[in-house]
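The values are calculated or read from the model by the stated rules, or taken from the named source; none is laboratory data. Values in this document were obtained by computation on a predicted structure and should not be read as measured data. When we count neighbours, we look across all protein chains shown, and the Cβ atoms used for this are built from the backbone with ideal geometry, even at glycine. Just so you know, the surface numbers come from the protein's heavy atoms only, side chains and all, with ligands and any DNA or RNA stripped out. Shrake-Rupley method; radii C 1.70, N 1.55, O 1.52, S 1.80 Å.
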Amino acid sequence: MQKFRIKGGLPLKGEVKVSSAKNSILPIIAATILCDDECIIENFPMLEDVSVICDVLKSLNVNVQMDNDNNILKIDGRNMDSLNLSEDLIRKMRASFLVLGPLLSRFGKARIYMPGGCNIGLRPIDLHLKGLEALGADISIKDGCVDISARKLKGTNIYLDFPSVGATENLIMAGALADGVTIIENAAKEPEIVDLAIFINGMGGDIEGAGSSKIVINGVKKLKGIRHMPIYDRIEAGTYMALAAITKSKFKIKGVNEDHLRAVISKFYEMGLDITINGTDVLVNGNVDLKPINIKTLPHPGFPTDMQPQLMSLLSLVSGTSTIVETIFENRFMHVMELRRMGANISIHDRVAVIEGIEKFIPSRVKATDLRAGAALILAALSCEGESEITDIYHIDRGYSQIENKLRNLGAEIFRLTDKTSI
Ligand code: EPZ
């Protein structure tokens, strides 16, 4: 296992470039198997999750070529065969469940394993399966294995009980080649959904309304391969903005789509953070006094749950009382224990965190419990003078490409080491 050793307290400067969005590229990679042609994805981020979903496709005999020097991904599904997804790959990453919709669309059947939950929640898939059944799929679940088949999916109206991002994506992909029209109501409105719709429409699909709560998918007969550049990673961008704030540094973040981060930027403004936006460049000056605020995570365009741990770190150093309500995942406060080790004064009441500002964090040895919790700990460690260690950093590698290089380019002292103390 690996760990980060961080010497915090140094002011950061310069600029950092945001990579393409993990949560956009994962469904887009799944969508490439909707056609029996080559798709080219540019500027793909080197992330563990990208490698895992590519391994899932390779296990289905899809030809995947990763050009890491030029960040070009070539995916060609013309020779796809086996439809039984390996359990360990599905369990490795929930998002690999996103291949279900495309498999069903293209081949009319699939065998897949129930994706594991993870530290932040049970992560059920009932909305995915209910939507696929509405489209005419027969589903049987035995010993954690999902057998699903449909001679031909038939468009229908689907109302999502919750605007689930993954369910919306799976159902868009299932509807893309279905007979007739599929209407998804109460759909998720995240920017990554819009990017997926743009990708499928570029393949020859016919999807309207992505980004709104009502998406209309007119099934088409066939889709073709295309070249696509995914959107920037809004969560990575927000994480670096929080980093400038917590280290009281001034640096530029390149590759920020303001429209995708409105709720986060408005909260930073509410705190009094000095932000200058110039197109897709954002200059953040963290050397200002910040005010305590209240945050409630909500589906897009509300405040994103994926920015909650990072803001918890930042608000821990803002004098006064702040609150965070986590409404999306039932167990997304795992980082609180680790921040408390560093001296944070946070109390939890069900889904509400009450944060009393402290002077500074205490450098400590802490553990990343999930992807965004790990990012929150990096922010905390970089904010305080002294040496901290963060273990279990494989969580962080899932969603932040080349993070130590990007941080070192900003002047941070962060080193990746083998953690001999862990089993
Ligand atoms: C996506 O996960 C993202 N992952 C998550 O990002 C993100 O936190 C989440 O959307 C919410 O924005 C990817 O895009 C790969 P959901 P997803 O389905 O699709 C419940 C990160 O840090 N639900 O919108 O799994 C579920 O339990 C990750 O980058 C059901 O009840 O999220 C949760 O409480 C973490 N039944 C809520 O909906 C279902 O069938 C939101 O889940 C599906 C979901």
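Report the residue count in region 312-327 for those that are closer than 16 Å to residue 376 by Cβ and within 11 Å of the ligand (Cβ to nearest atom).
Initially, region 312-327 is screened for residues closer than 16 Å to residue 376 by Cβ, giving 312-318, 322, 324, 326.
Next, from what is left, pick out any that are within 11 Å of the ligand (Cβ to nearest atom): 326.
Total satisfying the criteria: 1.
Among what's in region 167-201 and is part of a helix (DSSP H, G or I) and open to solvent by 20 Å² or more (accessible area, probe 1.4 Å), pick the residue that is farthest from residue 211 (Cα to Cα). So, considering only residues that are part of a helix (DSSP H, G or I) and open to solvent by 20 Å² or more (accessible area, probe 1.4 Å), the one farthest from residue 211 (Cα to Cα) is 201.
Table: residues versus (1) surrounded by 19 or more Cβ atoms within 10 Å (Cβ to Cβ); (2) modelled with pLDDT under 95; (3) more than 16 Å from the ligand (Cβ to nearest atom).
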position: 268; (1), (2), (3): yes, no, yes
position: 274; (1), (2), (3): no, no, yes
position: 292; (1), (2), (3): no, no, yes
position: 310; (1), (2), (3): yes, no, no
position: 336; (1), (2), (3): yes, no, yes
position: 352; (1), (2), (3): no, no, yes
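Before we move on, is residue 147 free of Cβ contacts under 8 Å to residues at least 24 places away in the same chain and away from the ligand (no atom under 16 Å from the Cβ)? No; evaluated as a whole, the condition is false for this residue.
Do any strands (runs of 3 or more DSSP E) lying entirely in region 54-126 carry at least 1 residues that are at pLDDT 90 or above, and which ones are they? Please lay out each step first, then the result.
On the way: elements: 63-67, 72-76, 109-113.
Strands (runs of 3 or more DSSP E) meeting the threshold: 63-67, 72-76.
Restricting to region 127-144, and then to whatever is in a helix (DSSP H, G or I) and not small (Gly, Ala, Ser), can you tell me which residue is farthest from the ligand (Cβ to nearest atom)? Please lay out each step first, then the result.
So the first thing to find is which residues in region 127-144 are in a helix (DSSP H, G or I), and the list is 127-134.
Right, trim to not small (Gly, Ala, Ser) and you get 127-130, 132-133.
Values: 127: 3, 128: 5, 129: 7, 130: 8, 132: 11, 133: 12 Å.
Across region 127-144, the extreme among qualifying residues is 133.
For residues that are surrounded by fewer than 22 Cβ atoms within 10 Å (Cβ to Cβ) and within 16 Å of the ligand (Cβ to nearest atom), tally how many sit in region 354-392. Spell out how you get there, then give the answer.
Initial filter on region 354-392 (surrounded by fewer than 22 Cβ atoms within 10 Å (Cβ to Cβ)): 354, 356-360, 362-365, 367, 385-387, 389, 391-392.
Filter once more, so that each one left must be within 16 Å of the ligand (Cβ to nearest atom): 392.
Residues meeting the conditions: 1.
Among the residues of region 393-407, those identified as open to solvent by 30 Å² or more (accessible area, probe 1.4 Å) and either in a loop (DSSP other than H, G, I, E, B) or in contact with a strand residue (DSSP E or B) (Cβ under 6 Å, 6 or more places away or on another chain) (or both) are 398, 402.
Let's see how each residue does on (1) away from the ligand (no atom under 16 Å from the Cβ); (2) part of a strand (DSSP E or B); (3) closer than 26 Å to residue 91 by Cβ; (4) open to solvent by less than 10 Å² (accessible area, probe 1.4 Å):
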{"position": "3", "(1), (2), (3), (4)": "yes, yes, yes, no"}
{"position": "7", "(1), (2), (3), (4)": "yes, yes, no, no"}
{"position": "11", "(1), (2), (3), (4)": "yes, no, no, no"}
{"position": "29", "(1), (2), (3), (4)": "no, no, yes, yes"}
{"position": "33", "(1), (2), (3), (4)": "yes, no, yes, yes"}
{"position": "36", "(1), (2), (3), (4)": "yes, no, no, no"}
{"position": "40", "(1), (2), (3), (4)": "yes, yes, no, no"}
{"position": "43", "(1), (2), (3), (4)": "yes, no, no, no"}
{"position": "50", "(1), (2), (3), (4)": "no, no, yes, yes"}
